[in-house]
Amino acid sequence: MRPICLFTDFGTTGPYVGQVKAALHVHAPGVPVIDLMADAPAFDPMASAYLLAALLPQMPADAVIMAVVDPGVGGARLPLIVQADGRFLVGPDNGLLALVLRGAANSRVWAITWQPRTLSATFHGRDLFAPVAAALATGTCPDDLAAPLSQGMVGADWPDDLARIVYIDPYGNAMTGLRQSCALADQFLRVGDYTLPSARTYSDTVPGAGFWYVNSIGLVEISVNRGHAARQLTLNVGDVVVWGEKNVSV
């Protein structure tokens, strides 16, 4: 029995996550379900892909991750199973799973061929991906649910690091798609009208100061000590960030 982790843009209110969990319980009663993320950037598989790749190492080594940020639901995009080292991921072929696959030492990809009796045109998370994730979690072989993918995955040409804001958390901190490996402590990070210095942590700055640091999942993040960076610096998901020289700081 494998634990199931949910990564979606379904939101923390409303009926969607609850319906997915109910489907998982029907198909895999007793299997642990971990709420990894329910507020991934809505309709934005690219931004979400960098978050998913950064979060994955903290997940159980045998986990099944149901990852759904799927603005093309019901359309031509394929539903996939990805095996990345010891984990399985289930989700749409829209780039969401591409960065995870790239970072894996051993991987395989299948296009899901299994079909439920009833499939909503707009809720594949509940009707398709949840039953497939449940089947994998309870020991079903991917070859019984899918066929090897015969084409390249969407997102295979995306960069290893994305110089944009990919997520803003409830505190107003803005995560970027830049990994720790491309960050130097003496660099400044430019976003909009601001150029920010680096700091190791909040207590290394004065209250109200803006800065960037490497967060706990290895991504470059923009913060304001005891403040709301997104409001104070006018930040939004998708904003471009640039390594540069100091000119204005906050």
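The values are calculated or read from the model by the stated rules, or taken from the named source; none is laboratory data. Fair warning: this is a prediction, and the values are worked out from it, not measured in the lab. Here Cβ is always computed from backbone atoms with ideal geometry, including for glycine, and neighbour counts include all displayed protein chains. With ligands, DNA and RNA removed, areas are computed over all heavy atoms of the protein, side chains included. Shrake-Rupley method; radii C 1.70, N 1.55, O 1.52, S 1.80 Å.
Overview of values
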| read-out | value |
| --- | --- |
| Failed item, numbered, when VAL132 is tested on (1) under 26 Å from VAL241 (Cβ atoms); (2) not in a strand (DSSP E or B) | (1) |
| Pick from segment 230-247, criterion open to solvent by 70 Å² or more (accessible area, probe 1.4 Å), over 16 Å from PRO170 (Cβ atoms) and over 24 Å from the mean Cα position of the chain (by Cα), ranking: modelled with the lowest pLDDT | ASN247 |
| Subset of segment 189-238 (residues that are of a type outside the set (A, V, I, L, M), in contact with a Ser or Thr (Cβ under 9 Å, 6 or more places away or on another chain) and in contact (Cβ under 8 Å) with a residue 60 or more places away in the chain) | GLY218 |
| Checking SER181 against (1) assigned to a loop (DSSP other than H, G, I, E, B); (2) exposed (fewer than 14 other Cβ atoms within 10 Å of the Cβ); (3) among the small types (Gly, Ala, Ser), the condition it does not meet | (1) |
| Condition broken by HIS25, with the remaining ones in (1) open to solvent by 60 Å² or more (accessible area, probe 1.4 Å); (2) under 24 Å from SER107 (Cα atoms) satisfied | (2) |
| Residue within segment 57-80 that is in contact (Cβ under 8 Å) with a residue 12 or more places away in the chain, within 18 Å of GLY152 (Cβ to Cβ) and buried (at least 24 other Cβ atoms within 10 Å of the Cβ) present | yes |
| Those residues of segment 135-164 which are outside any loop (DSSP other than H, G, I, E, B) and either farther than 16 Å from LEU51 by Cα or among the charged types (D, E, K, R) (or both), in sequence order | ALA135, LEU136, ALA137, PRO142, ASP143, ASP144, ALA146, ALA147, PRO148, ARG164 |
| Where a residue in segment 82-95 is closer than 11 Å to VAL109 by Cβ and its partner, wherever it lies, is among the basic types (Lys, Arg) and open to solvent by 10 Å² or more (accessible area, probe 1.4 Å), with Cβ under 6 Å and at least six apart | GLN83/ARG108; ASP93/ARG77 |
| Among the candidates PRO92, PRO142, residue that is touching an Asp or Glu at 6+ places or on another chain (Cβ under 9 Å) and open to solvent by less than 20 Å² (accessible area, probe 1.4 Å) | PRO92 |
| Counted residues, segment 108-133 - those being over 16 Å from CYS5 (Cα atoms) and either open to solvent by less than 60 Å² (accessible area, probe 1.4 Å) or not assigned by the TED database to the domain that holds LEU24 (or both) | 9 |
| Index of the failed condition, ARG190 passing every other in (1) open to solvent by 80 Å² or more (accessible area, probe 1.4 Å); (2) part of a loop (DSSP other than H, G, I, E, B); (3) not polar (S, T, N, Q) | (2) |
